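Structure record follows, encoded as structure tokens.
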Amino acid sequence: MTEATHLTTGETNHAANAANGTSSPDNTQSSQPPLAHPDQRYVAYVTCGFIVLAFGVYFPILRNMVQHWSAVEDYQHGFIIAPLALFFAYQRRWDLEDSIIKGSWLGLIPMFIGLTSLTIGRLGTELMTMRAGFIFTLIGLILLLLGREIFKILAFPLFFLFLMIPLPQSLVNTIAFPLQLIAAKFAVWSLQEIGIPALLEGNIIHLAHAELFVHEACSGLRSLMALITLGVVFAYFFNRSTLWIQLLLVSSTIPIAIMVNSFRVALTGYLSHRFGQEFATGVIHDFQGIFTFGLAFFALLALGRLIELTLRSLESRREIGGQTKDIVHEEVNSQ
């Protein structure tokens, strides 16, 4: 009611000023969107220019990373990371339009980290360091030129870009080998439980009429990286936007990926025992990968649904408890 009166009064004053041949500079100035200010638009254009310059400096490194995505199947999800990050930023376009550009010297810190990572990476030929340096440089430019308010709006899309960086091979080997053993042990246990004779020797599963080699490609690292990316996107769009729930959803992708990949190896062993070793290779083997990744995706959706139902149940109990307390309080007062 007060707001409506205030607007009416403002409109009346504006009409009176127009009738008297005068104008209200305060009202005219306040009606301008912050980003429409020429100085702010100039800073935005300068920022875009520096970002293009950063792309030019890091272009050989980025091109090499794209080639890595094409060559190594474990990182082919990298092709969708940048488009998704742009989509997330586009979703916040109205917040960006309403924000005020005010550069922050804090941007020098990530810029220093980025340029130092580029230098150290070139000296040591460490690709991951140089690739991460590009994202740090990007963060530094936005924080330095556009300010903390805009950085907070774009923080998620910017940090999401780190998922497109392939891990160094030494770290991949460290992660992949334990995953291979977990999948192989689970497969042997599952086959033995359903009456199929199976023996594990290293990463080789011995069956009655076949042998299965659990290679690095069977470690599930590919599905793990893809599922983590999917989990981050799912957590971003999840209705319950509290941080701990989002972290729970993302972290749950790791055990889900491990369990589903172990099931895939066990399924391959079962089909090889029943129908022949050709079921462990070729199109059938690839279809098993698609099928099991679909299972992982539905498991993630089911977990999200379970969290949603649990939170609704807790909220309804709190509401019932609050209503009960109010009723008891009213009865006590009436007596």
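Computed from the coordinates by the stated procedures, all read-outs in this text should not be read as laboratory data. Remember, predicted model here, so these are calculated numbers, not experimental data. Quick reminder, even Gly has a Cβ in these numbers, built from the backbone with ideal geometry, and neighbours come from all protein chains shown.
Observations
- log₁₀ of I(q)/I(0) at q = 0.10, 0.12, 0.14 Å⁻¹ - the stretch 170-334, Debye sum with one point per alpha carbon: -0.50, -0.63, -0.77
- Residue exposure sequence - Ile194, Ile139, Ile175 - by fewest surrounding Cβ within 10 Å: Ile194, Ile175, Ile139
- Those residues of the stretch 212-230 whose amide nitrogen sits under 20 Å from the label point placed on Glu278, 7 Å along Cα→Cβ: 212-213
- Cα-centred dipole magnitude for the stretch 170-334, charges only on beta-carbon of K, R (+1) and D, E (-1), debye, nearest 20: 100
- For the stretch 148-190, backbone nitrogen atoms closer than 20 Å to the point 7 Å from Glu201 Cα along Cα-to-C-beta are found at 180-190.
- Taking other Cβ atoms within 10 Å as a rough exposure proxy, Thr125, Thr119, Thr47 sort from fewest to most as Thr125, Thr119, Thr47.
- Overall dimensions of the stretch 37-166 by Cα: Rg and Dmax, Å: 15.1, 47
- Couplings 3J(HN,Hα) of the stretch 245-254, computed from phi: 5, 4, 5, 5, 5, 5, 5, 5, 5, 5 Hz, in residue order, whole Hz [Karplus 6.51 cos²θ - 1.76 cosθ + 1.60, θ = phi - 60°; x for Gly and Pro].
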